[in-house]
1. Pick out, from Gly84, Tyr191, Ala174, the residue whose Cα sits farthest towards the positive end of the charge dipole of the chain, with +1 on the Cβ of Lys and Arg and -1 on the Cβ of Asp and Glu.
2. Out of Asn89, Asn192, Asn18, any idea which swings most in a Gaussian network model of the chain, alpha carbons joined below 10 Å?
3. Which value, in Å², gives the accessible area per residue of region 14-67 when a 1.4 Å probe is used on the protein heavy atoms?
4. Using a 1.4 Å probe on the protein chains only, how many percent of the accessible area of region 128-205 belongs to carbon and sulfur?
5. Using a 1.4 Å probe, how large is the accessible area of Met90, given in Å² and rounded to the nearest 10?
6. Mind grabbing the base-10 log of I(q)/I(0) for the chain at q = 0.11, 0.17 Å⁻¹? Debye formula, identical points on the C-alpha positions, no solvent, two decimal places.
7. Skipping prolines and chain starts, which residues have an amide H placed within reach, meaning under 5 Å, of the one on Thr106, given they are 5 or more residues away or on another chain?
8. Based on DSSP loop calls and a cut-off of at most 16 other Cβ atoms within 10 Å, the longest stretch of the chain free of exposed GluC sites (Glu not before Pro) is what?
Amino acid sequence: MLKLTYLSHSTFILDDNNYKLIIDPFITGNPTCPIQNVNDIKVDFIVLTHGHGDHLGDAFTLAKNNDALIIAVNELANYAAENGCKAHNMHIGGGYNFPFGRLKFTIAHHGSSSPDGRYMGEPAGVVLSMGNKTIYHTGDTGLFLDMKLIGEMNNIDIFLVPIGDNFTMGIDDAVKAVEFVNPGLTIPMHYNTFPIIPADPKEFQKKVEAIGKKCRVMEYGETLNF
Ligand code: NI
Ligand code: MN
């Protein structure tokens, strides 16, 4: 079984009752996050898709508070280690079997620098298995045709896809991404956090349902059980 909690933006907590894993922990300075004190969050693993401030977020504080392992592409993982965190270096196309399950980084079309402007390697998406479910979190990305391949080679149960436009896919591109990935359930992310990424998730949901796929708009702080 898997519990999935949405903290807004691209931040999700996955809990299989043995391990807790957070993806792109943007808590401090996130106006939409229902948890404002990062010390209230307990996790074992931290997965980072790229180095931008709204994804790296509170990763270092969380890693140190919880003695948690940061999982990221090589350059970003090195940066985490330099900052005193435990890190597991990976890269795009490579998978690894962690205690919670298998995790593999995918391509993403975006940038990746740290908040202080350093090159953080390539941005990534992530396909991971946990609690008998396979999740694809695209990270920040534009639409790309290889999503079709990711959908063919993985049985994606839960697809976490950005819809906020400007920095990532907007609604119509994200609907095409759903068609490519063919997941069991799609959940939109990376919208309405800031005025520059406005989107109506209900419009997205309607368009996804119109192509015969399931979509669920999660409230900030909501938990779904799978
Ligand atoms: Ni970004
Ligand atoms: Mn972002």
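1. Checking the options against the dipole of the chain, the answer is Ala174.
2. Asn18
3. Result: 38 Å² per residue.
4. 49 percent
5. Number for this one is 20 Å².
6. Results for the chain at q = 0.11, 0.17 Å⁻¹ read -0.47, -1.24.
7. Under 5 Å from the amide H of Thr106: Gly93, Gly125, Val126, Val127.
8. 1-218
The values are calculated or read from the model by the stated rules, or taken from the named source; none is laboratory data. Note that the structure is predicted; figures quoted are calculated from it, not measured. Note that each Cβ is placed from the backbone with ideal geometry, even for glycine, and that neighbours are counted across all protein chains shown. Heavy atoms of the whole protein, side chains included, go into the accessibility calculation; ligands, DNA and RNA do not. Shrake-Rupley method; radii C 1.70, N 1.55, O 1.52, S 1.80 Å.
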